[in-house]
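Quick notes on the structure that follows.
The values are calculated or read from the model by the stated rules, or taken from the named source; none is laboratory data. Just so it is clear, the structure is predicted and the values come from calculations on it, not from any experiment. Ideal geometry is used to build each Cβ from the backbone, glycine not excepted, and the neighbour counts take in all protein chains shown. Heavy atoms of the whole protein, side chains included, go into the accessibility calculation; ligands, DNA and RNA do not. Shrake-Rupley method; radii C 1.70, N 1.55, O 1.52, S 1.80 Å.
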Amino acid sequence: MDSIDLDVLKTCAAWLDGGQRCQLVTVIKTWGSSPRPVGATLAICEDGQVVGSVSGGCIEDDLIARVRDNGIEITLPEIISYGISADEAHRFGLPCGGTIELAIEPLSVDSGVKELLARLGEGELVERSVELATGAVTLATAQATAIQRVEDGMLHTLHGPRWRLYIIGAGPLSRFLAQIAAGMDYRVTVCDPREEYRSGFHIPGVTLVHAMPDDLVIDAKLDARSAVVALTHDPKLDDLALMEALKSEAFYVGAIGSRANNAKRRERLKLFDLTDVELARLHGPIGLYIGSKTPAEIAVSIMAEMTAVKNAVPQTLLMPHAAALTLASAA
């Protein structure tokens, strides 16, 4: 599964290989209620073909019309704004008087798109820097804490997986969760020391490792952009990973299992000297309540809860699986 960002870059590379000119449009700043976030991209070919999105569609229409009417005229990157006036906000569908600032960059074989794609294929987080005065491009490995910015005449954009997900267990549920997470720009690692589960488990872009879960979690040096999900149903494997993950900075730690099994798990984890605060970070039963039954549905539920936690959605607005089951049993 390709993210939108990858799809844009791959399409640009194909156009350039075919001898066509194209330009890359990137959201660099927003004010008010903008339809797309900073970093969203759009590519336009000289024949008017388009891939990606920087708004709800109206700004794209204007950008495409400019290319169709005049071709790709610019030779150096430009920064333009939409939605500054109330009339423009209404015309371009920017709600609540929102404003969006875009960088428009004409691409060529010297724009580093192929090298960028190669490095992304290796799972690298890459900072792409464009000198606005000359269009010169440099690529460098980025830190997970880096942000997109314009400073000192340079546009710095980030590409690649900025979030990491470690899945313990290589079962059917892990397969669906890994596919969804990879499509949401996570760098996914599946860990299972059991050969019978690893055999035949292959998902493009997902790393499968043979290691003990606690060793993996320790070696990963989890940070605030990391998540750990234990899915084996085997306490000897799940608990080892959870024990280390709950002591880390990981933004999300979850485990599969019923309420009863998760209650027993918490009692076991107390034996490893985990504090009440650390144990309270454990999501289990895992996922948001959506009535999920199949592995695919459960994977969606887990990914929904992870996304809500990542985006700091208030707990009062969520219905975790455990809370829903408690309400259902009390009804």
Handout entry: All positions within the range 71-109 that are in contact with a Ser or Thr (Cβ under 6 Å, 6 or more places away or on another chain) and at pLDDT below 75
Key = 83, 84, 95, 96, 98
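Yes/no matrix, rows are residues, columns are (1) among the aromatic types (Phe, Trp, Tyr); (2) within 29 Å of residue 37 (Cβ to Cβ); (3) touching a helix residue (DSSP H, G or I) at 6+ places or on another chain (Cβ under 6 Å); (4) at pLDDT below 95:
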{"site": "163", "(1), (2), (3), (4)": "yes, yes, no, yes"}
{"site": "197", "(1), (2), (3), (4)": "yes, no, no, yes"}
{"site": "201", "(1), (2), (3), (4)": "yes, no, no, yes"}
{"site": "211", "(1), (2), (3), (4)": "no, no, no, yes"}
{"site": "233", "(1), (2), (3), (4)": "no, no, no, yes"}
{"site": "258", "(1), (2), (3), (4)": "no, no, no, yes"}
{"site": "263", "(1), (2), (3), (4)": "no, no, no, yes"}
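Looking at 316, 326, which is the one that is touching a residue at least 40 places away in the same chain (Cβ under 8 Å) and either open to solvent by 70 Å² or more (accessible area, probe 1.4 Å) or part of a helix (DSSP H, G or I) (or both)?
Numbers: 316 fails: touching a residue at least 40 places away in the same chain (Cβ under 8 Å).
Unique residue meeting the criteria: 326.
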Completion exercise
Reported set for the range 260-283 where residues are aliphatic (A, V, I, L, M) and either without any contact (Cβ under 8 Å) to a residue 24 or more places away in the chain or open to solvent by 60 Å² or more (accessible area, probe 1.4 Å) (or both) is 260, 263, 271, 277, 280
Handout entry: Considering residues of the range 158-208 that are of a type outside the set (A, V, I, L, M, F, W, C), in a loop (DSSP other than H, G, I, E, B) and under 30 Å from residue 147 (Cα atoms) only, the residue most open to solvent (accessible area, probe 1.4 Å)
Key = 204
Fill in the blank from the handout: Pairing a residue in the range 48-73 that is free of Cβ contacts under 8 Å to residues at least 24 places away in the same chain with any residue that is surrounded by 18 or more Cβ atoms within 10 Å (Cβ to Cβ) and in a helix (DSSP H, G or I), where Cβ atoms lie under 7 Å and the two sit 6 or more apart in sequence or on different chains, gives 48/67; 50/60
Handout entry: Residue match in the range 250-259 (condition: open to solvent by 60 Å² or more (accessible area, probe 1.4 Å), free of Cβ contacts under 8 Å to residues at least 12 places away in the same chain and assigned to a helix (DSSP H, G or I))
Key = no
Completion exercise
Within the range 221-238, residues surrounded by 19 or more Cβ atoms within 10 Å (Cβ to Cβ) and of a type in the set (Asp, Glu) come out as 238
Practice task
Answer yes or no: is there a residue in the range 132-149 that is farther than 19 Å from residue 9 by Cα, among the small types (Gly, Ala, Ser), open to solvent by less than 60 Å² (accessible area, probe 1.4 Å) and part of a loop (DSSP other than H, G, I, E, B).
Solution key: yes
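Residues in the range 96-131 that are part of a helix (DSSP H, G or I) and small (Gly, Ala, Ser): how many? I'd like the intermediate steps shown before the answer.
Residues of the range 96-131 part of a helix (DSSP H, G or I): 96-97, 109-111, 113-121.
The next check asks that each one be small (Gly, Ala, Ser); those that pass are 97, 111, 118, 121.
Selection size over the range 96-131: 4.
Could you please find all residues in the range 284-313 being in a loop (DSSP other than H, G, I, E, B), of a type outside the set (Phe, Trp, Tyr) and either closer than 24 Å to residue 164 by Cα or open to solvent by 40 Å² or more (accessible area, probe 1.4 Å) (or both)?
Taking the range 284-313 as the starting set, the residues that turn out to be in a loop (DSSP other than H, G, I, E, B) are 284-287, 289-294, 311-313.
After this cut, where a residue has to be of a type outside the set (Phe, Trp, Tyr) as well, the list is 284-287, 290-294, 311-313.
Hits for the range 284-313 are 284, 285, 286, 287, 290, 293, 294, 311, 312, 313.
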